[in-house]
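As structure tokens, the structure follows; a few thoughts come after it.
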Amino acid sequence: MASTHNNNNILLLISILIFSVISDGNGLSMNHYENSCPEVETIVENVVKKAYMKDNTISAALLHMQFHDCFIRGCDGSVLLSSKGSKKAERDGPPSVTLRSFDVIHNAKQRVETLCPGVVSCADILAFATRDAIVLAGGARWEVPKGRKDGRISKASDTSTLPAPSFNISQLQHNFFLRGLSLTDVVALSGAHTLGFAHCSSFENRIRNFSSTQDIDPTMNPTFAGHLRGHCPTNKKDKNAGVRMDPSSTTFDNTYFKLIIQRKALLSSDYQLLTTTGTKRLVYKFATSKKAFSMAFVKSMIKMTSITGGQEIRRDCRVVN
């Protein structure tokens, strides 16, 4: 009974958070498809569940995709557009070439179009699918504000504005601030690193030739660094070489924050969360309470995915109308 009571409290708090975000005049609402396509979320959820049963790493993939979409031109589905000839789209920009699971969104969009043609944006479908995938991985469920529109512009060159794994805390703060996000959002959204896989290129600067005087980043546990060196060959022939973000990389939990404290997080930007009093306090708070992390993550996800942009409702997520 106590567990049920706690879950109800979490859902109530999440509902309050949602309405505090969408009341800011960004054009989103909770009942946007109530009359025009009431079954849309069920359709998307079923597609995601089917894909998840075959590959439980899609939770990380969709979350990665959602982040890239929102941080370039707002959450407008521009990351879903395909390149056209020499005009390379966002998904082919250097930081985005590892994005995958586009087929999940494409399949969901096809199902939705069959029932509600020209009504639901690809951007909303991506937001629904990401939420559903996180829930399947063990994360908290939230109501997704609806009514995003799809963008018509997607440029690979724009991916240079995405935060880099090597960013220090000032760079992270500035990058997130430009999107209307706070340092608290930096910490909470960094918790997404509890899911997925990291290629050696994203952390190799920490395990070899770190500086003129030190081979390994002194902020990294040396035994852990040695473990990573074993997975990342110096010849770099295997471009897919890497490691899981954390040992429970398909489960949405708070392990990531525990690893930061143990100096076993992968990216330079991860360790940066310990370099200010406020962010360090949050790291320790989230490391000791999955509930606190889940609440903060949901709030930051709602905030991030409410950055709007776009002009149309695409019939096919891969091409503009």
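Pairs over the 20 Å Cα-Cα cut-off, from the set 49/264; 49/258; 50/155; 49/109; 109/149; 149/303: 49/264; 49/258; 50/155. Would you calculate a helix-derived [θ] at 222 nm for the chain, using -39,500 (n - 2.57) for each DSSP H run of n ≥ 4 and dividing by the full residue count, to the nearest 500? Taking each H run of at least 4 residues, the total per residue is -14500 deg cm²/dmol.
Only protein heavy atoms count here; under a 1.4 Å probe, residue 177 has an accessible surface of about 140 Å².
Take residue 143: with every protein chain present and a 1.4 Å probe, its accessible area is about 90 Å². In this label model, residue 36 and residue 212 are separated by 6.1 nm, measuring between points 7 Å along each Cα→Cβ vector.
Taking residue 291 as the anchor, which aspartates and glutamates have their alpha carbon closer than 20 Å to its alpha carbon, excluding any fewer than eight residues away along the same chain? Correct list for residue 291: 132, 143, 185, 246, 253.
Heavy-atom accessible area, probed at 1.4 angstrom with all protein chains present, ranks 250, 275 as 275, 250, highest first. For the chain, the solvent-accessible area with a 1.4 angstrom probe is 47 square angstrom per residue. Taking Lys and Arg as +1 and Asp and Glu as -1, the other residues whose beta-carbon sits under 13 Å from that of residue 273 total +3.
Within the straight-line cut-off of under 19 Å between alpha carbons, the aspartates and glutamates reachable from residue 239 are 92, 204, sequence neighbours fewer than 8 places apart in one chain being disregarded.
When the Gaussian network model of the chain links Cα atoms closer than 10 Å, the mean-square fluctuations of 282, 162, 178 top out at 178.
Solvent-accessible surface (1.4 Å probe) assigned to residue 201 amounts to roughly 100 Å². Taking Cα atoms only, the orientation of helix 2-22 departs from the longest principal axis of the chain by about 70 degrees. Here the chain is assigned +1 on the Cβ of each Lys and Arg and -1 on the Cβ of each Asp and Glu. Its dipole about the Cα centre then comes out at about 580 debye. Available extension along the chain between residue 100 and residue 229 is 43.8 nm, counting 0.36 nm per residue and deducting the alpha carbon span. Only Cα pairs under 8 Å and 6+ residues apart enter the sum, and on that basis the relative contact order of the chain stands at 26 percent. By accessible area, using a 1.4 Å probe on protein heavy atoms only, the chain has 53% of its surface on carbon and sulfur. Taking 0.36 nm per residue of separation and subtracting the current Cα-Cα distance, fully stretching the chain between residue 178 and residue 238 would add 18.0 nm.
Within the listed set 120, 79, 97, the residue fluctuating most in the Gaussian network model of the chain (springs between alpha-carbon atoms under 10 angstrom) is 97.
The values are calculated or read from the model by the stated rules, or taken from the named source; none is laboratory data. All figures in this text were calculated on a predicted structure; none of them were measured in a lab. Ideal geometry is used to build each Cβ from the backbone, glycine not excepted, and the neighbour counts take in all protein chains shown. Surface accessibility is based on the protein's heavy atoms, side chains included, excluding ligands, DNA and RNA. Shrake-Rupley method; radii C 1.70, N 1.55, O 1.52, S 1.80 Å.
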